[in-house]
Amino acid sequence: MTDPNEPVALITGASRGLGFAMAEALAPDYHIVAVARTVGGLEDLDDRIKAKGGAATLAPMDITQDAAMQHLCRSIHERWGGVRLWIHTAFHDTQLSPVDHIDAKDWDKAIALNVRATGIMITYVAPLLGRDGTAVFFDDPSTSGAKFFGAYGATKAAQIAQARSWQAETAKNGPRVHIATPNPMPTALRARFYPGEDRSPLADPHNEAARILAEL
């Protein structure tokens with residue numbers, strides 16, 4: 001059984017990387033609602049959270065599916081009344097290519113997940129956050145305008161543009177919108193972008209999670 005009065009953190013993209021680390025860092029102070037398509041990653045996260053004495057609700061869902069997200073947010077409202085935090089780390093890592101060779105299917109997938117789903121999720125989650133909650137997004141300015149990052153950079157910039165507009169619109173009345181810039185981390189996403197890179201100087205995702213949560 002869960003306490004209906006406990007603070008809830010909704011984490012989209014929780015099965016790996018920074019989302020996984022953020023979820024683990026927030027437990028057991030928050031009940032974690034972990035959303036991702038990768039069931040195995042969510043189960044690993046659940047084990048880590050339970051080992052800390054925390055609890056999680058696993059939601060193996062695709063955030064591009066509007067009906068699934070509507071159902072999830074309605075269920076959160078009915079069970080807890082809202083969320084204290086929304087951590088949005090879900091992102092499609094596009095293939096690297098020259099702009100004039102961008103694969104159409106990959107481009108459509110990037111727009112669907114990185115841009116459209118973010119905008120739609122904001123409309124669903126905003127009522128759950130109310131005036132006092134906090135939404136967190138993650139910028140990656142190093143790829144903007146970089147060679148072969150046209151699809152990734154464009155959709156990431158579009159996502160953050162939405163977040164910045166929401167941030168400006170809610171500055172007085174909430175919810176709070178925070179945009180963090182993580183240091184480079186040895187994630188699976190980065191490994192696909194920079195194969196063969198020396199990963200030893202990269203920041204540990206758990207350290208980055210702690211640093212970003214301290215900013216809040």
Within the stretch 133-144, is there a residue that is surrounded by fewer than 17 Cβ atoms within 10 Å (Cβ to Cβ), more than 18 Å from Gly13 (Cβ to Cβ) and at pLDDT 95 or above? no
The residue from Arg199, Arg192 that alone is of a type outside the set (A, V, I, L, M, F, W, C), closer than 17 Å to Lys156 by Cβ and open to solvent by 50 Å² or more (accessible area, probe 1.4 Å) is Arg192
Out of the strands (runs of 3 or more DSSP E) lying entirely within the stretch 8-118, which hold 2 or more residues that are closer than 20 Å to Glu208 by Cα and open to solvent by less than 20 Å² (accessible area, probe 1.4 Å)? 8-12, 31-36, 85-88
Can you pull out every residue in the stretch 167-189 that is buried (at least 16 other Cβ atoms within 10 Å of the Cβ), touching a helix residue (DSSP H, G or I) at 6+ places or on another chain (Cβ under 8 Å) and among the hydroxyl-bearing types (Ser, Thr, Tyr)? Thr187
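The values are calculated or read from the model by the stated rules, or taken from the named source; none is laboratory data. Just so you know, these numbers come straight off a predicted model, no measurement behind them. Don't worry about glycine lacking a Cβ; one is built from the backbone with ideal geometry, like all the others, and counts go over all protein chains shown. Ligands, DNA and RNA are excluded from the accessible area calculation, which covers all protein heavy atoms including side chains. Shrake-Rupley method; radii C 1.70, N 1.55, O 1.52, S 1.80 Å.
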